[in-house]
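This report concerns only the one structure given below.
The values are calculated or read from the model by the stated rules, or taken from the named source; none is laboratory data. The structure presented is a predicted model; accordingly, all values stated were derived computationally and were not measured. Here the Cβ positions follow ideal geometry from the backbone for every residue, glycine too, while neighbour counts run over all protein chains shown. The accessibility values were calculated without ligands, DNA or RNA, using every heavy atom of the protein model including side chains. Shrake-Rupley method; radii C 1.70, N 1.55, O 1.52, S 1.80 Å.
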Amino acid sequence: MDFTWALPYPDLHKICTLFSRTDLVNPLKWQYTPLLGYLQNGPQCGLVALAILMDQPSKELVDTIFKYAQNMGFSHNGEIFSTNFMYSLAKEFIRDKDIKIYNGNLESQEIVDVLLNKGKLLIPYDTNKDNSPGLHGGHKAHWCVVSGVIQTQDDVFVIARHGKAKNVAIWNLKDLAQSNLQLFEFSPDRKLQDLKYKLPEGGIAGALGLNRQSVLICDTH
């Protein structure tokens, strides 16, 4: 199989060959900005996704973001259940980019164009057991950062990192979009835990929550 297009990106080439991704042979277009991976400790997926996006993830950086999020009333334990909160964090820690909230279906030409132009996205979605996008009504809500896109004859794929895996992930954009569109309910299991979680007014399905929303980070013009 010909994955020569991915050779400049060892992390990407590794996944294509390791999993024999025949659907990614000879794509029509692609754009990828490699980012360093980092594993989260506890419910810090949003903070870690932001630190990965900044391409300097470390315990010190995650702790700094966490303290700011606590002081702003965004989080109790590192959790971020509001795209508005994530937007505010991104604006505070990334000063040289154009940052905005995107509301709607991620499976759109606008999103593809953003990624092809070296933009990045912070996206909430539900995780399956293998960390791929799933449909769990918001009960498995998690954050990832998308820093690449691959267009083939038949599909569009995104390249993502998140705090639960060392390797880069390649997902169908349709799957990630559908997962983002159904973040309706905070997990009942989490309500039973000793940890106290900060939820936005209206819950994760509300206007200040996670459902149908993501954060776009683009170069300023």
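In whole percent, what relative contact order does the chain give with Cα contacts below 8 Å and a gap of six or more residues?
Over the chain, the number comes to 27 percent.
What is the dipole size for the chain, taken about its Cα centre, with +1 at each Lys and Arg Cβ and -1 at each Asp and Glu Cβ, in debye to the nearest 20?
420 debye
How would 157, 85 line up by accessible area, probe 1.4 Å, largest first?
Listed by decreasing accessible area, they come as 85, 157.
Given the Cα-Cα distance of residue 208 and residue 164 and 0.36 nm per residue of separation, how much length would full extension add, in nm?
Taking residue 208 through residue 164 to full extension adds about 13.3 nm, to one decimal.
Under the rule of at least 5 residues apart or a separate chain, name every residue whose amide H is placed under 5 Å from the amide H of residue 183.
Residues meeting the criterion, in which the H sits 1.01 Å from N, are 212.
Sticking with the crude label model, points 7 Å out along Cα→Cβ, report the distance from residue 130 to residue 195 in nm, one decimal please.
Calculated label separation equals 2.6 nm.
Report ³J(HN,Hα) in whole Hz for each residue of segment 170-176, in order, from the Karplus equation J = 6.51 cos²θ - 1.76 cosθ + 1.60 where θ = phi - 60°; Gly and Pro get x.
10, 10, 5, 4, 4, 5, 5
How big is the charge dipole of segment 158-216 about its Cα centre, in debye rounded to the nearest 20, if each Lys and Arg gets +1 on its Cβ and each Asp and Glu gets -1 on its Cβ?
About 220 debye.
Grab the DSSP H runs of the chain that are 4 residues or longer, score each as -39,500 (n - 2.57), total them, divide by all residues and round the 222 nm result to the nearest 500 deg cm²/dmol.
-8000 deg cm²/dmol, from helical runs alone.
Using a 1.4 Å probe on the protein chains only, how many percent of the accessible area of the chain belongs to carbon and sulfur?
49 percent
Quick check for you: with a 1.4 Å probe and neighbouring chains kept, what is the accessible area per residue of the chain, in Å²?
Accessible area per residue: 47 Å².
State the Cα centre-to-centre distance between segment 113-152 and segment 1-26 in whole Å.
19 Å
For the pairs 97/164; 29/67; 67/174; 67/120; 29/59, note any where the Cα-Cα span goes beyond 32 Å.
Checking Cα-Cα distances, 29/67; 67/174; 29/59 exceed 32 Å.
May I ask you to evaluate 6.51 cos²θ - 1.76 cosθ + 1.60, the Karplus curve with θ = phi - 60°, for each residue of segment 27-44 and list the ³J(HN,Hα) values in order in whole Hz, giving x for glycine and proline?
x, 6, 9, 7, 8, 8, 10, x, 10, 6, x, 7, 8, 6, 10, x, x, 10
Just to verify a number: what accessible area does residue 97 come out at with the full protein assembly present, 1.4 Å probe, Å² rounded to tens?
Approximately 60 Å² of residue 97 is accessible to the 1.4 Å probe.
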